[in-house]
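Values quoted throughout were computed directly from the atomic coordinates according to the rules given, and no laboratory measurement underlies them. Predicted model, so just to flag it, every value in this text is computed and none were measured.
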Amino acid sequence: MRIKDVMTTTIVKVSPENSVRHAARVMLDNHVSGLPVINDEGHLLGILSEGDLIRRPEVVSAASASLKDIGLSLETRANDYVRRNSWRVSDVMTPNAITIDENAPLSQAARMMNERSIKRIPVMREHKLVGIVSRADLLHAVLAAPTDKTVGGDKGIQRSIKTRLAENASLQGLGLSVTVVDGLVHLWGKVDSLECRRAARTVAEGVQGVTGVIDHFDQSKA
């Protein structure tokens, strides 16, 4: 799947000239935690998020903010003061927003969100903002994933589990065996670690038609 398949195309946005109070109201009314900041020409200037607002004096005391400024240069302190106290969105937003192309794979968005600790990414078509992809949007990929197809019956389930166990790097070389009776899976082998036991159970539980998993692992050291 591509970003364009799951992104939100109804874009809730604010202007750089809007007030922070207005932006906060837009977030609350639309149940979003961040807003793209768009100028009159339709260009994306930045992102205003909850994180940009929680350092404001209405939330954090001036004394606490001052303690965090210790050791910073005068220029950095001045800039931080403006970001904490200005009522203009353009002063408070995070500029140079990270963006992603609408044709990028979902894995790229997931990696960017994880590495940069962000919850949403503006989606671009060439140089135009066409949507927003959020962590919640990525969950649609989980729901839309095709159901696993296996050959019917216990034999089909057994073959599928054996194939997956052989492909799982964490379980290779353990000599696991599988029996299936009326959909109930029995796993056998010498597995010392709890993590590998859980991995083997997860493999079996992920096969369609499995009604339960019982492991008979020998945990004694060789």
Computed from the coordinates I sent, Cα extents along the principal axes in Å equals one of (i) 50, 46, 27; (ii) 48, 45, 35; (iii) 67, 40, 28. Tell me the label. (iii)
Which whole-Hz ³J(HN,Hα) couplings does region 191-205 yield from phi under the Karplus relation 6.51 cos²θ - 1.76 cosθ + 1.60, θ = phi - 60°, glycine and proline marked x? 10, 7, 9, 4, 4, 5, 4, 5, 5, 5, 5, 5, 4, 5, 5
Compute the long axis of helix 74-85 from its Cα atoms, compare it with the longest principal axis of the Cα atoms of the chain, and write down the angle in degrees, 0 to 90, nearest 10. 80 degrees
Checking the cross-link filter: which aspartates and glutamates have an alpha carbon closer than 12 Å to that of LYS190, excluding same-chain neighbours under 8 positions apart? ASP215, ASP218
What do you get for the angle between helix 153-167 and the principal long axis of the chain? Use alpha-carbon atoms, 0 to 90 degrees, nearest ten. 60 degrees
Karplus 3J(HN,Hα) series, Hz, for region 36-53 with 6.51 cos²θ - 1.76 cosθ + 1.60 (x for Gly, Pro): x, 9, 10, 7, 5, 8, x, 8, 7, 9, x, 10, 10, 10, 4, x, 6, 9
Near LYS119, which aspartates and glutamates are there with a Cα under 14 Å away, not counting those fewer than 8 places off in the same chain? GLU50, ASP52, ASP137
Explain nothing, just compute: Karplus ³J(HN,Hα) = 6.51 cos²θ - 1.76 cosθ + 1.60, θ = phi - 60°, for every residue of region 5-16 in order, whole Hz, x for Gly and Pro. 6, 10, 5, 8, 9, 7, 9, 8, 9, 9, 8, x
Quick check on region 151-222: take the gyration tensor over C-alpha atoms, sort the square-rooted eigenvalues as a ≥ b ≥ c, and tell me if it's rounded (a/c under 1.5), prolate or oblate. prolate
Interchain or long-range residues, amide H under 5 Å from SER49's placed H: LEU35, THR94
Does anyone have the angle between helix 135-144 and the longest principal axis of the chain? Alpha-carbon axes, 0 to 90°, nearest 10? 30 degrees
